[in-house]
Each structure stands twice: as C-alpha cells, then as structure tokens.
Protein chains: 2
Amino acid sequence: MTLYMNLAELLGTRIEQGLYRPGERLPSVRALSQEHGVSLSTVQQAYRQLEDNGLVEPRPKSGYFVPLSRQKPALPQVGRAAQRPVEVSQWDQVLELVGTPPYGEVLQLGRGIPDVSAPTLKPLLRSLSRLSRRQSLRELSYGCVEGEILLREQVARLALDSATRLAPEDIVITTGCHEALSAALRAICQPGDIVAVDSPSFHGVMQALKGFGLKALELPTDPLSGINLEALEMALEQWPIKAIQLTPSCNNPLGYVMPEANKHALLELAQRYDLAIIEDDIYGDLAYRYPRPRSIKSFDEDGRVLLCSSFSKTLAPGLRIGWIAPGRYLQRVLHMKYMGTGMSAQLPQLALAEFIGEGLYQPHLRRMRGQYARGREQMTAWVSQAFPAGTRVSQPQGGFMLWVELAQGFDSQRLNRLLAPHRIQVAPGSIFSAAGKYRNCLRLNFATWQQAGIEAAVRRVGATAAELLAERP
Amino acid sequence: MTLYMNLAELLGTRIEQGLYRPGERLPSVRALSQEHGVSLSTVQQAYRQLEDNGLVEPRPKSGYFVPLSRQKPALPQVGRAAQRPVEVSQWDQVLELVGTPPYGEVLQLGRGIPDVSAPTLKPLLRSLSRLSRRQSLRELSYGCVEGEILLREQVARLALDSATRLAPEDIVITTGCHEALSAALRAICQPGDIVAVDSPSFHGVMQALKGFGLKALELPTDPLSGINLEALEMALEQWPIKAIQLTPSCNNPLGYVMPEANKHALLELAQRYDLAIIEDDIYGDLAYRYPRPRSIKSFDEDGRVLLCSSFSKTLAPGLRIGWIAPGRYLQRVLHMKYMGTGMSAQLPQLALAEFIGEGLYQPHLRRMRGQYARGREQMTAWVSQAFPAGTRVSQPQGGFMLWVELAQGFDSQRLNRLLAPHRIQVAPGSIFSAAGKYRNCLRLNFATWQQAGIEAAVRRVGATAAELLAERP
C-alpha cells in the first residue's frame, strides 16, 4: 500500500466507527500533512479516494465533511438461530426472478447484475470481437476440461490480491461461479447430507442444495461480521455437517466483510471437525477498500477450502466464465465439471486472458469500486427517505447490493405483485433462505444507480411498501 | 423432397444394399431419365448428389460407377449381451482424452471435433464479432434461465427437419449437449437407479452416470440398426430400469441410424414399462441422406422423450450452446439447468439466432454432409489398407466418426502409449463402455480428412496396431 492509501484507510475507519459524525468538518489537508508527516498532495490523494468511496464530501473553500447521508438507518437484525437442518423450497419465487430477461420491459431492481456500460470494459469487448473473427481450433473447438491455461495463469496472478497463493494447475475454469459452487457441492456431498450456510444466503446455492437433495442448516449471521462462530460450533457438536458454504467477503446479500480473525477461526473449526469450506468469493474483488480482504483460502494449509469465483460481478455475467480452486478435491471437482458441461467456452476465456494480461482488470475494478461505493451512499439515502420509518438497511463493504428489512409481517412477494403494473421487480427476501424466512426483507441493486429512472423506481418501491404496511390491521 | 432428391435416395439405397457392386457401371443418365420419366438434368443432379456423398464416382466419357472403395470391410461385432447393471469406471482414460487441448501438438484423431474451417461458418463468426462490440445488457448480462427466446424460436423451426414439433416454450437452452444430457439424467434419476444405454455409448454420458451414482445396463447394439429391442424388453422384465439413454440417429461412436420402425417400437416399449427416453440427437443433422432421420421424439405423444442436442457437431463446439426439449420433465430440467450453470452465455445464442434466421444453417449443413460422407469413404479405404487383416469397421450413415474393431486381446490404450512419441492420439474403445469393454476397439475422426497429415497419421496408427498384434504370442 502506498502512503495515501494508508492514510485513506485510517481516515475511513475513523469515519465508519463514528469518530467523525455526519455533517462534521474533517481535519484540514495542512493539519493532516503535519500530523502524519506526509506531503500535502498525499493528503489530497487520500481525500480524493475517500470522496470516490462516498465517505467524505468536499465543500468549496470549507474543506472536507462527513456526508449527512451517513446518518445511517439501523442495521437488519441477526437472523434467528437455526433450529435444525431443513430442505430447501422457494424455487417458484427464484424462477420468477431468473425467468425474466433483464433487457426486457421490467426494471429488475433486485437481480445481481453489475453495471456493464463502463468504458473500461471496451477493450474486453474488442478482444472478444477480434478473436471471434479468427477461424481456428483454439477459439472454436473444445478446449481441455480444466480450462484454458492462459486464463488459469492470469487467475492465479489475480488471486494474490486476496493473499491466495495458487498455481494455474490448482484452478479449474467453470461456466460461471454457479457451476463452481454446484461442482463443489457435488464433489463433497451425498444426497441427505447437511451443509451449514450463512443466512440470508445466495439463492443459487440454496437451489443447488435442493436439487442435490441436501439439507441446509442456516447459521445466525451478523450483518456486519458474518456467521456466528459459537453457533456454528454448537451446530457442529449436534449435527453431522459435511461442509460449510458461505460468502465471507462482500457477502451476498448483506455486503459485510467477515473480519480476518473470524476467517481464521472458522478455518480452525473446520480443521477440528474435519469439514470442507466452500468459499464464494464472487464479490470479493469489489470491496470498497483497497487492498481487498483476504480469502479464507489464503489461510488454508491442508486443502480443505474450495474457493469459487467468477468474472460475472466484476466484468460481465454474460461471459459465463468462473473458476474454482478446489484444493484436495481437485480430481473430484474436475470429474463433476466434465459431467456437468464438458468444457467451458474458449472465446471468452481467451479474451479475458488478454484483458487481464494487458493490465486492464485493475483499472476497471478501481472505477467500479468507486461507482458502487457512491451508489451505496445514494441508495441508502433514497431508502432512508422513501421507505416507511423503522426500515433497516445493511451497510455493505463491497459489491452493489442493499438488504432492506421491513417490519415483521411485511410480505415482499406481495410487494412484487403490486409493483408488477409499474414494471418494477425486487428480489424477495424469502429466496435467500432455505425455509422461506425473510419474507419481510428484500434485496436492491445499486450498480446502475446513476441511470435515469432508478431513483424514481426506488421511491416507487418505498411508497408501495408504505401502502402495504398501512393496510395491516 | 424434390424429384432429384427422390431419385438420389432410391439409387443410394440400391448401392448401399449392394444391388450395384463396387466397380460396377451404373445406368446411364439417359436410361434413368426414361425409366423414371424425369429430365436429363434431374438425373444429373441426382448423380451429383450421390457423388458428393461418395456413393458414385464419375469416369470421363464412361458414366458413373460404384467406387471400388465401397468393397467394405466386415462390420464390428454386436456387443455381448448385458449381464447386469454396472457402475461406471474409466474416468482416467476419458481425462486423457479431454484433458489434452486439440490445438496443441498432439493430433487428436479420436476426439469428437467437427471441421470448423468451412467458409460457410464465416457469417456466424461475423455475427459473433459484431455482437461482441455492442455494449448492452442483452449481450453482456444474464439472460433468462430458459435461454434466449430468439434462439429457441429458431431451434423449434429446425426441429421440423426431424419431424419434431416443438414450440419455443418447450425448449431450454443449455451449455452444450453435455449439460442437456446431464440435466436430463438428474431430472429423472436418483442415485442407485439403473439406466439402460446403447453400447458402445458416448463417454460423456457414461461419466455422468458415474458422477450421479447411477448404474448402466449396456444393451446389445447392432452396428447397423442400433439397440436390440428384444434384449431391452428382457432387461425391462428383469430390472427396475428408470430411463433409457441412446443416440439413435447417426450414433456415436457406431454411426448407424436406427430404423424408423425400431424407433417407434422403442417408444411403445417405453410407454408399456413407463420409462423416460433420453434421446441424444447431436449428430442427427449430419445424416448423409436428406431429409435427415426422424427423431424418436417426433413419435412421442405423452412427453416421455427428452430430446437433447447442440450446435457443437454441426457448427462449432466452442460456442457451448446446446438445447433440450424435455417434454413432461420441463420444470425439473429447468431447475437442474439453473442449479448447474444458472444461465447460458447470451452472445453465442444471439449470434446463432441470427445465423439460422438468415437461412445460413442449411447451406452449411449441406456442405458438411458431403464432406463427411466423402470422408467416410476415404477413411474406410485408408483403414482397410493400413490396418491389420481382419480389422472390422463401422458403416456410419452420418457424422464423422469411424469405429474400428481389432482382434480380441488387442489393447487400444497400449496403442495410444506407442503413438504418443508420434504425437497422435486415438479414442480408446474402453471409454465407450461402463465396465471398460471394447479395449480392442478405437474411434477415429474423419471430419478433417482432407487436411495434410491425416492420411499419414491413420497409416501410422494402422502400422503401430499391426506391430502390437504381431507381438502377441
């Protein structure tokens, strides 16, 4: 980390911890320069980064302030503790979400789609276009089941950002993170097995559990620090848990980053009880702070962590290129990958390898991190203003999702039905739970918050939610 | 069918049935014109088509002859009858095949890769390239789980060629035929279930059975007409078979087309014993005769046939676009597809929809059918000349694969080891059987038979096989 990043990190932590309050003036550039013994321009760079991340607000001739919008609404409540492993339901509601194309007439405010309109994506599209015209075996034929070696080399390089040491041979390219997670589950579990999960949790994994006949044990999960390790340990004493599946860095849907100490402690628990960890890191590169958080895999010494990721959230979902580093389960995962789809498409793999190899991934990430950090501030402000009093919202540390919790008894599926005539759709909370909990919650996407119509749509959702709540006896 | 196609069909059947023998002169254009009451040019067109398919040979000023190369070697033997359902092995050998990239230094004579160098493929590449540059949600984001509607419409239209009536809503786009087959098996079976299969059979399906913990019951399969229905009925009496999986049109690896009457009878058996049929039609459009064979699905009245296909053999495997029409199992298959990979890539779906919509698929198919039909003749001739006496070969009616059977005791895995220093690889027969039968067989690919080096490689394989056989005591 450079000097200015260190300083930005320090100031950011102080703001987030509330040492400076919303509306308060921050120390001047000169004062900070003297305090930390760095140049004026270093302080200015640090402030610019904080501004990009939505943590400070410049006012002409007055200096930098903590934005008023940082007067945060309350956090969502910790999910009730798991009672027992359950079978997964909710496929119908998931199908409503994923059976609607995002380029149609309905504004999908809830789906996990990044902003794909950034100019920093153009070189990738140019690579794709150029490689498409080549009429050669390498682009048009099958590759090998492990995936294109050129891309696996680049993925191994990028993994160093999360302190994860991988060789290209440790990595298998998949058809999105979806296939990575699915292959991981199949490599480890037999029908009837129990998998512990964070809660709320990604609906794709929930449905994979359902499809394989596995049971989910939902763990109480703190909206700032992730799964409760004591609860997990109690569950491990009580149930024959085969694996734990979680999204510890920039969680979906809550957005938290699990503290490093907890990640390490989780790994120790997994060692003690000899279970596998399926780590979904798909949003990890989109942490607002740089450098990005470490992966659990980075602490792994005996190959029990299966690290799953993809370029669907950082670049474009349509590429359908993900990857898995399955540790000691490599051979099993390779078989499951072959069985599921044979090979992954060569063209996007080759284009991605070029894009990353030319050093274009990090600049794109920088841009998106800033945009999403500002989006979080803006979306939080809109929700605070437009939703009924008492609405709780998450404080994501990365990614582009906000988790919104309304009063008990609120029904987000009903909300979607009322929004249908307005051609707006949110992701109902129930699909993030095996047994359909979180009906009073919903997920909102702020990736494209700057686009026309988003603010009005969010206000419409808030107003409709208020009407729905007012209806109740 | 037009007049000339009718006539070509009639003459072709006579030649294949041996009514005209290799080297024999065929009736003159004038004689046929009078016999069938058609114009001279119609007869000439028919002869040109037969020439394209390698069934006749023009000799200047003498007329048309049956090629001498049609002196066919003996057919492979019918596989020994199944004794019982078995678990699948052979993953290591499959991995040797699919873990080697086809664009590397090894000439993969055995892998199922079509010729992707035809000029008729260029418009598809141009579409891909043009769509790649568009930076819009439709190309870059997730689609919907069923797949792009524009492509499903085109697939429904093409299905009419096999007399299969499908609506776009009956079709789910998949990541290659591999995912279609895998989702079909998962939609129908539970671990421990028995699936009846043709034998030899596609190694991808064998490995899917293995991965899902299913058992394979291999049915005796005739190299000209496919699975033995009496044997299937006996097996159905004896075992609780859940589904039958087969490739009835242009079978892989044997190349036969199951007669229509047998297809119909198989469906009746499935109705009587209430089982599902998973029909792999991936090579069906590459039948040498036009119109192509009917699908079993085309006879299906109660939705028990899951028709699986893709554009991997007809256009390019690297697109990774396949499809499934799962009949009454649509909802289960949709769930399995979501669970496996979420969505399939949008770009290749949109490019394919354009290519087919512009009427460019059929001209490409015509070209490839002719090339592969001639390839069959040439490859058969090379094998007849270069392999040890007594070698048996299949008589494919479509596709680009030849199945070669050597004397009992021959070991095609050993053959591959001896070929390794020459950088040549064949597909060993054992991967086409659940229990590793057919070690004395191998599969050869003649898609690119016109390319430099193929003939020499086939001759090298034959010579090495002869050495290997001579070694034996």
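Observations on the model:
- Total residues in the stretch B:178-191 satisfying the condition of being more than 10 Å from chain A (Cβ to nearest Cβ) and not in a helix (DSSP H, G or I): the figure is 1.
- Selection within the stretch B:404-428 - touching a Gly at 6+ places or on another chain (Cβ under 7 Å) and within 18 Å of B:Gln77 (Cα to Cα): B:Ala407, B:Ser412
- Residues of the stretch B:354-385 satisfying the condition of being assigned to a helix (DSSP H, G or I), touching a Ser or Thr at 6+ places or on another chain (Cβ under 9 Å) and closer than 13 Å to B:Ser127 by Cα: B:Glu354, B:Phe355
- Note on the stretch A:380-403: residues that are in contact with a helix residue (DSSP H, G or I) (Cβ under 7 Å, 6 or more places away or on another chain) and either under 16 Å from A:Ile454 (Cα atoms) or in the same structural domain as A:Ala287 (by TED's automatic domain parsing) (or both) amount to 8.
- Of all residues in the stretch B:117-132, those satisfying the criterion of being among the polar types (S, T, N, Q) and within 8 Å of chain A (Cβ to nearest Cβ) are B:Ser117, B:Ser129, B:Ser132.
- Residue match in the stretch A:16-28 (condition: modelled with pLDDT under 85 and part of a helix (DSSP H, G or I)): yes
- Selection count, the stretch A:64-83, where residues are modelled with pLDDT under 90, in a loop (DSSP other than H, G, I, E, B) and of a type outside the set (A, V, I, L, M): 8
- Residue match in the stretch B:327-343 (condition: within 14 Å of chain A (Cβ to nearest Cβ), on the phi < 0 side of the Ramachandran plot, over 24 Å from the mean Cα position of the chain (by Cα) and outside any helix (DSSP H, G or I)): yes
- Looking across the stretch B:160-174, the residues that are within 28 Å of A:Gly176 (Cα to Cα) and out of contact with any strand residue (DSSP E or B) (no Cβ under 7 Å at 6 or more places or on another chain) come down to B:Pro168, B:Glu169.
- The set of residues in the stretch B:208-244 that are of a type in the set (S, T, N, Q) and within 14 Å of chain A (Cβ to nearest Cβ) is empty.
- Looking across the stretch B:430-444 at every residue that is modelled with pLDDT of 95 or more and in contact with a strand residue (DSSP E or B) (Cβ under 6 Å, 6 or more places away or on another chain), the one that is nearest to B:Phe410 (Cα to Cα) is identified as B:Cys441.
- Assessment of the stretch A:198-207 against the conditions (more than 30 Å from B:Pro119 (Cβ to Cβ), more than 10 Å from chain B (Cβ to nearest Cβ) and surrounded by fewer than 24 Cβ atoms within 10 Å (Cβ to Cβ)) yields no matching residue.
- The residue list A:Ser129, A:Ser33, A:Ser28, A:Ser117 contains one member that is farther than 30 Å from B:Arg332 by Cβ, surrounded by fewer than 16 Cβ atoms within 10 Å (Cβ to Cβ) and free of Cβ contacts under 8 Å to residues at least 40 places away in the same chain, which is A:Ser28.
- Boolean, A:Pro291 is over 24 Å from B:Pro348 (Cα atoms) and of a type outside the set (A, V, I, L, M): yes
- Exactly one residue out of A:Tyr290, A:Tyr283, A:Tyr273, A:Tyr256 is of a type in the set (Phe, Trp, Tyr), under 22 Å from A:Arg376 (Cα atoms) and surrounded by fewer than 20 Cβ atoms within 10 Å (Cβ to Cβ): that is A:Tyr290.
Okay, residues lined up against (1) more than 30 Å from B:Lys122 (Cβ to Cβ); (2) more than 14 Å from chain B (Cβ to nearest Cβ); (3) charged (D, E, K, R):
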position	(1), (2), (3)
A:Ala74	yes, yes, no
A:Gln108	yes, no, no
A:Asp115	yes, no, yes
A:Gly143	no, no, no
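- Entry remark, the stretch B:195-219: residues being at pLDDT 95 or above and basic (Lys, Arg) number 1 in total.
- Restricting attention to the stretch A:158-177, the residues that are under 19 Å from the mean Cα position of the chain (by Cα), in a helix (DSSP H, G or I) and farther than 30 Å from B:Cys189 by Cα total 5.
- The criterion of at least 3 residues that are over 20 Å from B:Ser433 (Cβ atoms) and touching a Cys at 6+ places or on another chain (Cβ under 7 Å) is met by the following strands (runs of 3 or more DSSP E) wholly inside the stretch B:239-315: B:305-310.
- Residue within the stretch B:414-432 that is without any contact (Cβ under 8 Å) to a residue 40 or more places away in the chain, among the charged types (D, E, K, R) and surrounded by fewer than 24 Cβ atoms within 10 Å (Cβ to Cβ) present: yes
Residue-by-condition table, conditions (1) within 12 Å of chain A (Cβ to nearest Cβ); (2) surrounded by fewer than 24 Cβ atoms within 10 Å (Cβ to Cβ); (3) at pLDDT below 95:
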site: B:Arg134; (1), (2), (3): yes, yes, yes
site: B:Arg165; (1), (2), (3): no, yes, no
site: B:Asp170; (1), (2), (3): no, yes, no
site: B:Gly176; (1), (2), (3): yes, no, no
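- Residue in the stretch A:441-455 that is closer than 23 Å to A:Gln245 by Cα, more than 17 Å from the chain's Cα centre (by Cα) and in contact (Cβ under 8 Å) with a residue 60 or more places away in the chain present: yes
- Set A:Gly318, A:Gly255: member being within 23 Å of the chain's Cα centre (by Cα) and closer than 26 Å to A:Leu232 by Cβ: A:Gly255
- Of the residues A:Leu224, A:Leu246, A:Leu219, the single one that is over 17 Å from A:Gln397 (Cα atoms) and either out of contact with any Pro (no Cβ under 7 Å at 6 or more places or on another chain) or not aliphatic (A, V, I, L, M) (or both) is A:Leu219.
Conditions (1) within 13 Å of A:Val305 (Cα to Cα); (2) aromatic (Phe, Trp, Tyr), marked per residue:
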position	(1), (2)
A:Leu166	yes, no
A:Gly192	no, no
A:Met206	no, no
A:Phe212	no, yes
A:Ile227	no, no
A:Leu254	no, no
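The values are calculated or read from the model by the stated rules, or taken from the named source; none is laboratory data. Computed from a predicted structure; not experimentally measured. Positions of Cβ are backbone-derived with ideal geometry, glycine not excepted, and every protein chain shown enters the neighbour counts.
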